[in-house]
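Since the structure comes first, as structure tokens, the remarks are kept for the end.
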Amino acid sequence: MLEKIRSLLQQGEGLKIEFKEAQGGMPKSVYETVCAFSNTQGGEILLGVKDNGDVVGIAPHQISQLKKDFANTINNPAKNHPPLYLSIEPIVFEEKHILYINVPESAEVHRCCNKIFVRNEDGDYDITSQQAQVAALYLRKQTSYSENQIFKYARLDDLRQDLIAKARKMAVIRDANHPWKELDDFELLKSASLYKRDVQTGEEGITLAGLLLLGKDEVIASVLPHFKTDLIMRVKDIGRYDDRDDVRTNLIDSYDRIMAFVSKHLPSPFYLEGTARLDIRNIIFREIAVNLLVHREYTNHYPAKLVIEKDRIFTENGNKPYIHGNINPEMNTPYPKNPTIARFFKEIGLADELGSGVRKITQYAEAYAGNQPILTDSDIFRLEWKTNLFQDVKSQEQDSSITVTDKASDKASDKASDKASDKASDKVLIVLEFCKIPRTLFEIMAETGYSSKAYFLKTILQPLINEGRIERIFPNVPNHPNQKYKTKK
């Protein structure tokens, strides 16, 4: 990240770079710049930097308040409409504190204090009264992103109400005061930009993004017959496959299916970062799953796939390329392929800031599988990752701590091993002590020596939950991807 900041400073202000000093608090002009960037090609803002690129820094005690002020304003529909869900990243550069804001190009036209700004060279320009420019901007937004396609005959009952409720709960879990909390289903769709009106034609309705995120399976199939995500495990039977999941459902459930497939077939090794134990498998594949679903070009008929082989893992999905070549994680400038879908995933806690995914994958990839992946941006986006996870499949099958397949014989041996070594009362005490700090399911299993997830849930964890001795940190979403368990006081 420091190399990227240095590169931005060297380039200087321009079409996609803006510097602000922010010595006396958050400059009001920053919101006009955010609006202009989102309406044009996106951009990056550095706070604590003079116009000429000199880093003056921000007093450390001001950073928390600046971040709070920015979040409150950028999410306030009276100031910025529709709201943008951005974050500020504090960075120490050459012993001075600065703040970094990445503003992706939006699929919508945004207003700041009821004015429309666009970026031109190194300035922000108000075009509110320029009707021709405003009309052209709306037209470009409608045609640039396929996720904006309006289906005027789609109805609210073409969506799954349970999914809307689930999304609302997930958003509120992240932020107790989230605006979706008080909105009905239709208002939520409009707030999330999943229901739009085309100012050129007057047509309005649920967008492709709305149908993909929340639609019933038969509705999605009717508008995108080619839509699917193919999950393949090919370690033993290299001519065909060991296991396969053909996923043709909404993006939220698709995410859960991808993560379940990964949990079923790939190990989750013990990994400490400082004193904290991390599930680096889930960290990596969370980002890979998001890329497969969020950053796909859905008008491209190429099927998305995740393939696990003996010595490699690779993914492919249809794409609208920007870089046309291999991605350098250190210098990567993220481009949103589906900004509305990406923002929705972020709101429900399944994705982070644009661009963070590549950094997280490369940060933990070598520790997890021995090598760094190669990411290639072209008409087909590819991740190619040489791995050492299955160097000796036979020995792994004999090791009950690693699940290679889900065959009945493996389950039986796991269960027998667990029973042979199990003293339930001792295990319960270990779990209760270990979970004084919230822990993931696999952390608890590793601590207690269990290898069969089903057996552990049935005999240890679920009884403790039923007895009220252990509680989920996301009680209303049992299968939440970030679910943890803690001892109840």
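The values are calculated or read from the model by the stated rules, or taken from the named source; none is laboratory data. Please read all numbers here as calculations on a predicted model, not as lab measurements. Reconstructed Cβ throughout: ideal geometry from the backbone, glycine too, with neighbour counts over all protein chains shown. For accessibility, only protein heavy atoms count, side chains too; no ligands or nucleic acids. Shrake-Rupley method; radii C 1.70, N 1.55, O 1.52, S 1.80 Å.
Out of all the residues in segment 386-403, is one or more open to solvent by less than 30 Å² (accessible area, probe 1.4 Å), modelled with pLDDT of 90 or more and assigned to a helix (DSSP H, G or I)? Checked against the condition, which is being open to solvent by less than 30 Å² (accessible area, probe 1.4 Å), modelled with pLDDT of 90 or more and assigned to a helix (DSSP H, G or I), segment 386-403 yields no hits at all.
When segment 360-375 is filtered for residues that are touching a helix residue (DSSP H, G or I) at 6+ places or on another chain (Cβ under 6 Å), outside any helix (DSSP H, G or I) and open to solvent by less than 30 Å² (accessible area, probe 1.4 Å), only Pro373 remains.
There is no residue in segment 33-40 that is surrounded by fewer than 19 Cβ atoms within 10 Å (Cβ to Cβ) and of a type outside the set (Phe, Trp, Tyr).
For segment 139-180, the set of residues classified as more than 11 Å from Glu347 (Cβ to Cβ) and small (Gly, Ala, Ser) consists of Ser144, Ser146, Ala154, Ala165, Ala176, listed by residue number.
Within segment 67-121, restricting attention to residues that are crowded, with 16+ Cβ neighbours inside 10 Å and acidic (Asp, Glu), the residue that is farthest from Leu2 (Cα to Cα) is Glu108. Evaluating Tyr450 against the criteria (1) free of Cβ contacts under 8 Å to residues at least 60 places away in the same chain; (2) open to solvent by less than 50 Å² (accessible area, probe 1.4 Å); (3) over 16 Å from Asp426 (Cβ atoms) leaves one unmet condition, (3). The residues on offer are Val49, Val103, Val55, and the sole one that is at pLDDT below 90, in contact with a strand residue (DSSP E or B) (Cβ under 7 Å, 6 or more places away or on another chain) and of a type in the set (Val, Ile, Thr) is Val103. Can you say whether Asn52 is loosely packed, with under 15 Cβ neighbours inside 10 Å, free of Cβ contacts under 8 Å to residues at least 60 places away in the same chain and not small (Gly, Ala, Ser), as far as the supplied structure shows? In short, yes. Looking across segment 1-26, the residues that are open to solvent by 30 Å² or more (accessible area, probe 1.4 Å) and not aliphatic (A, V, I, L, M) come down to Glu3, Arg6, Gln10, Gln11, Glu13, Lys16, Glu21, Gln23, Gly24.
Looking only at segment 104-129, count every residue that is of a type in the set (Phe, Trp, Tyr) and closer than 28 Å to Glu297 by Cα and tell me the total. Steps first, answer last, please.
As a first pass, look at segment 104-129 and keep what is of a type in the set (Phe, Trp, Tyr): 117, 125.
This time we only want the ones that are closer than 28 Å to Glu297 by Cα, so: 117.
So the answer is 1.
Of the residues making up segment 187-212, not one is among the aromatic types (Phe, Trp, Tyr) and farther than 21 Å from Leu84 by Cα. For first residues located in segment 421-440 and at negative phi and at pLDDT below 85, partners that are polar (S, T, N, Q) and open to solvent by less than 30 Å² (accessible area, probe 1.4 Å) and lie 6+ apart or on another chain with Cβ distances below 8 Å form the pairs Lys427/Thr448.
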